[in-house]
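The values are calculated or read from the model by the stated rules, or taken from the named source; none is laboratory data. Here the structure is a predicted model, which means the values were calculated and not measured. Don't worry about glycine lacking a Cβ; one is built from the backbone with ideal geometry, like all the others, and counts go over all protein chains shown. The protein model used for the area step is the full one, side chains on, heavy atoms only, and it has no ligands, DNA or RNA in it. Shrake-Rupley method; radii C 1.70, N 1.55, O 1.52, S 1.80 Å.
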Amino acid sequence: TCALPISRYFQSLGHALTETELNKIKESVCMISPSGESADMEQIPSKQYTLANGTTVTVPGKARCDAAEILFKPALEGRPIGGLAQSIHDCVSRCPIDTRKDLLDNICLTGGCALLPGLQERLQSELQRLSVTPVHVNIADAANPGMTRNCAYMGAHLMTEIAVDNNSALDGFV
């Protein structure tokens, strides 16, 4: 998860944090580097965070970005898979050609990481870079934290209600 690098950073300072606190730190301090390059990350300003015990720590710009870089470069954590942009590109590329434009024009991010500043811009940039031909990429606004965190649940709830109303509607999915 994104919290692994930030967890290591705080451990190096002598702080053992709970998963809940690490997620709070990730969501309030971390961000996506525009390019993913170390030199750019060094230019990101530091940010202070007050731990539950009252201790205030300064998180350098590079540490703020390193935490989320795993989304684009899982190999940094020893995971031999493509990152978020590569995975979306691969999925869209396997779809019929006439649907790809609509798929890239309707990307919706959910979950806590979707709220990280810079995610939409970096994902859009990387998807455009991966495309053989110029494409328009639209990523739904993740500015509403409550909505972003609950989208997956709301979708599952809606599908369940459809299944209840029409028993055969989801036979192939459930």
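Taking amide hydrogens as modeled 1.01 Å from N in the peptide plane, which residues meet the under 5 Å criterion relative to Ile70, leaving out close sequence neighbours?
Placed amide hydrogens put nothing under 5 Å from Ile70.
Quick one: how many lysine pairs does region 1-143 have with C-alpha atoms less than 21 Å apart and a gap of 8 or more or different chains? Give me the count, please.
On the way: Lys24/Lys47; Lys24/Lys62; Lys26/Lys47; Lys26/Lys62; Lys26/Lys73; Lys47/Lys62; Lys62/Lys73.
Count of close lysine pairs: 7.
Just order 32-45, 7-20, 107-120 by mean Cβ neighbour count inside 10 Å, highest at the front, would you?
Taking the mean over residues of other Cβ atoms within 10 Å, the ranking is 107-120, 32-45, 7-20.
Please list, by residue number, every one of the trypsin sites (Lys or Arg not before Pro) in region 10-104 that is coil in DSSP and has at most 10 other beta-carbon atoms within 10 Å.
Here the trypsin sites (Lys or Arg not before Pro) that fit, given the DSSP loop and packing criteria, are Arg94.
Which value in Å is the Kirkwood Rh of region 16-72 over different Cα pairs?
For region 16-72, the Kirkwood estimate is 11.7 Å.
Per residue, how many Å² of accessible area does region 30-105 show with a 1.4 Å probe?
I get 57 Å² per residue for this part.
Can you give me the three principal axis dimensions of region 31-142 from its C-alpha atoms, in Å, biggest first?
Cα spread of region 31-142 along its principal axes, largest to smallest: 55, 25, 24 Å.
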